[in-house]
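What follows is a set of notes on a single structure, which appears directly below.
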Amino acid sequence: MTICATEDTMAPAGPLAGRLTIAADGSYAARLARHDDAAGSWFPERWTLSGPEPYAVPLQGTQPEEPDSALLPLTDGRVLILRRVADRFAVSLLYPAGPGTGELLLGAVAAPRLTLLPPAPGGTLAYALAPEAEHTTLWLVHGGANGPEPVARIPGRCTGGVWLDRVGRLLALDRELDGRTKTVVADLERGGETGLLLQITEESNDRLLLADPDSGLLLVHSDAPGHDRLGWGVLGSSLPVRFPECLRPTKGTATPFAVQPGQMLAPESCAVAFRMAGPNGTWLGVWRPSGRQLRQYPAPEGWLPGTGLWTADGELLLPYATETEPCGVARMAVGVEPVERVTMEPVERKGPVEPVRPGETGRPMGPMGPVRQVAPTWTVGPTGRARPVAPVAAVDSPVEPSHPVEPVEPEEAVKPEGAVESEGAVEPGTASPSGAGARNGAEIVPDAADADNRSTASAQLQATDAEPAHTPGHPQTCRPVPLQEAPLAARQTRWSAISGPVRISGGGCAAG
C-alpha cells in the first residue's frame with residue numbers, strides 16, 4: 001500500500017488537531033480527538049486498522065494536549081508525540097497500559113520549530129526537520145542509540161518531505177535557497193548528502209508533493225508554466241514534466257494524498273487520489289495519467305480530509321469519524337478505464353499444408369546379452385595345457401589356407417594370468433604384481449605403458465604358421481587429469497542508489 005503525508009505542504013503551519021496520520025504499513029493511525037466535556041480539550045487517540053473492524057483506543061494522559069502537538073504512529077502500536085515545552089520540543093512514546101496510558105520520555109530537541117516527517121518505510125524510525133534561516137537540521141527523534149540525535153545539516157530552509165524508496169534511505173525535501181525553491185534528495189546512508197532532484201527551469205519554484213517508489217510516478221507543484229500548476233513526471237526519466245488541464249479545476253483546489261501501489265514501472269497506470277476542496281465543501285477526485293481526466297466522487301460522511309490509502313487489491317480506504325461512529329473506514333472500489341480492444345485478423349493460408357508423416361518406429365530393444373568375441377580365446381585345462389575354445393560362430397576368411405592349420409602346442413603349461421617365474425612353484429591363479437617382466441616370449445607380457453593399472457594382459461599365444469588372428473587391443477585406462485580451477489574475478493561490481501544528481505530533465509514542460 002502507499003501512504004503519503006496527510007497535510008498540504010503548501011498550506012501554512014497551523015493546528016494539527018483532528019488530522020489523522022497513518023503508519024507506514026497501514027496497521028495503525030493516530031490523531032488528536034476532542035473530549036465530550038465543556039472545554040473540548042484534546043487527547044491522543046490510536047486507531048487499529050489491521051483487524052477485521054477498525055477501533056480506537058484513547059491514550060489520555062494526566063493533562064490535556066495542546067492543539068499543535070504532533071502524533072506519529074509506529075508499526076509496533078506505540079504512538080510518538082511531539083510537544084512544545086518552552087523553547088524546546090519534548091519527544092515521548094505513548095502506549096496502552098491496562099486501563100491507563102503508559103509514557104516513555106525519549107528526550108528533547110532545542111529548536112525554534114520542529115516538524116515531524118511522514119512515517120519512514122519500515123515503521124520503526126521517526127525523523128523531524130528543524131528549519132532555520134540559513135540551514136535545516138534533520139533529526140532522528142526515534143530509533144537512535146541515545147534519544148534524539150541530529151543526522152544531517154542541510155544548507156537552506158527545507159520543508160515538505162517525501163520518501164523515494166522502500167528502505168528509508170532517500171528523502172526528498174523542498175529547499176528554499178537564494179530566493180528559489182527546488183526539490184533536493186538527501187541520502188541518509190551517506191550522512192545526509194544532498195543532490196538536486198527537481199528543477200524544471202532555473203527561475204521556477206518546484207516542489208514535490210507525492211512519489212510512488214513502485215512505479216516512479218511523481219506529483220509536483222510548479223510555477224514553470226507561468227502560474228501555479230500541478231504536474232506529473234517519472235523518477236529518473238528524461239521526459240519533461242507534464243501539466244494536464246484536468247488537474248487545474250476552475251472551482252476549488254486539488255491536493256494528492258495517495259497513489260495506487262503495485263504498478264511496477266507503469267506510472268501511467270497508477271491511480272492517484274485527490275482531496276478536492278471548494279466553496280461547496282470537500283469531495284474526492286481520482287485521476288490516472290493514461291485517462292487524462294479527473295473523476296470526482298462524493299466523500300463519505302465524516303471523512304477526515306486528505307487521509308486515505310490504497311490496498312494491494314486496488315481499494316481506496318477513507319477513514320471517517322461521526323457522532324454515531326467515531327472510528328470507521330469507508331471502502332471505495334475505483335474502476336479502471338476501459339482499454340481499447342485489439343482485433344486479431346486470421347492468417348491467410350498460402351497453400352495446402354501436408355500432414356507431417358510419422359517417422360519409422362524402431363524395434364523395441366530387449367535386455368542386452370553377453371558380448372561376443374570374434375577371435376578365439378584360450379583357457380587352461382585340467383592338465384595345465386592351453387586349448388582353444390570353439391568360437392560362437394564361424395568366421396569366413398577371404399583367404400583360403402592351402403592346408404589345415406594346426407595350433408602349436410606350447411612346450412610348457414601357460415602360466416595363469418598375471419603369473420611370474422620364481423624359484424619355487426607358483427600356484428595357478430596367483431596374481432603377479434604389476435610391472436613384473438617375462439623371461440621368454442611364451443609368457444604373458446603386460447603392456448609396459450599400462451604397468452600400474454592393475455589390469456591383466458591378453459593370454460592368447462602367438463602362432464607361427466597361421467594367419468594372425470585379429471584381437472582387439474587391450475583397453476587403455478584413462479588416467480584422471482586434475483582440473484585446474486579458474487581464478488575467481490577479484491573485482492566486484494558495486495553500485496549505489498545515487499550515482500549522481502537524480503533529476504527530472506529541465507527540457508521544459510508539456511501541457512497534458
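Read-outs: derived from the displayed coordinates by stated rules, not from any lab. What you see is a predicted model, and the numbers here were worked out from it, not measured in a lab. Ideal geometry is used to build each Cβ from the backbone, glycine not excepted, and the neighbour counts take in all protein chains shown.
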Students often check this: by mean Cβ neighbours within 10 Å, which of 209-218, 295-304 ranks highest, and how do the rest follow?
209-218, 295-304
Counting only residues 5 or more apart in sequence or on a different chain, those whose built amide H sits under 5 Å from that of Leu106 are Val91, Ser92, Leu93
So if we plug the beta-carbon distance of Glu245 and Arg166 into 1/(1 + (r/R0)^6) with R0 = 30 Å, what FRET efficiency do we get, rounded to 0.05?
0.35
Once phi is turned into ³J(HN,Hα) by the Karplus curve 6.51 cos²θ - 1.76 cosθ + 1.60 with θ = phi - 60°, what whole-Hz value does each residue of the range 199-213 show in order, with x for glycine and proline?
8, 7, 9, 5, 9, 8, 9, 10, 10, 9, 9, 7, 9, 10, x
Please report, in Å, the Rg and the Dmax of the range 48-114, where both are computed over Cα atoms only.
13.2, 43
Table column - 3J(HN,Hα) (Hz), the range 228-237, Karplus curve with 6.51, -1.76, 1.60, x for Gly and Pro
5, 9, 9, x, 9, x, 10, 4, x, 8
Work out the FRET efficiency for Tyr297 and Val85 from their Cβ-Cβ distance, taking R0 = 35 Å, and round it to the nearest 0.05.
0.25
Which shape class, rounded, prolate or oblate, goes with the range 240-335 when its Cα gyration tensor gives a ≥ b ≥ c as root eigenvalues, a/c under 1.5 marks rounded, and past that a/b bigger than b/c marks prolate?
oblate
Can you give me the Cα centroid spacing of the range 146-180 and the range 283-314 in angstrom?
28
Amide H contacts under 5 Å for Leu209, placed H, 5+ residues apart:
Leu219, Val220, His221
Residue-wise HN-Hα coupling along the range 245-257, computed from phi with Karplus coefficients 6.51, -1.76, 1.60 (Hz; x: Gly, Pro):
5, 5, 8, 10, x, 6, 10, x, 10, 10, 10, x, 9
For Leu196 and Arg153 in the same chain, what is the full-extension length gain: residue separation times 0.36 nm, less their Cα-Cα distance, in nm?
13.9 nm
Could you check the spin-label model distance between Gln63 and Arg331? Points 7 Å from the Cα along Cα→Cβ, value in nm.
4.4
Skipping prolines and chain starts, which residues have an amide H placed within reach, meaning under 5 Å, of the one on Glu193, given they are 5 or more residues away or on another chain?
Asp187
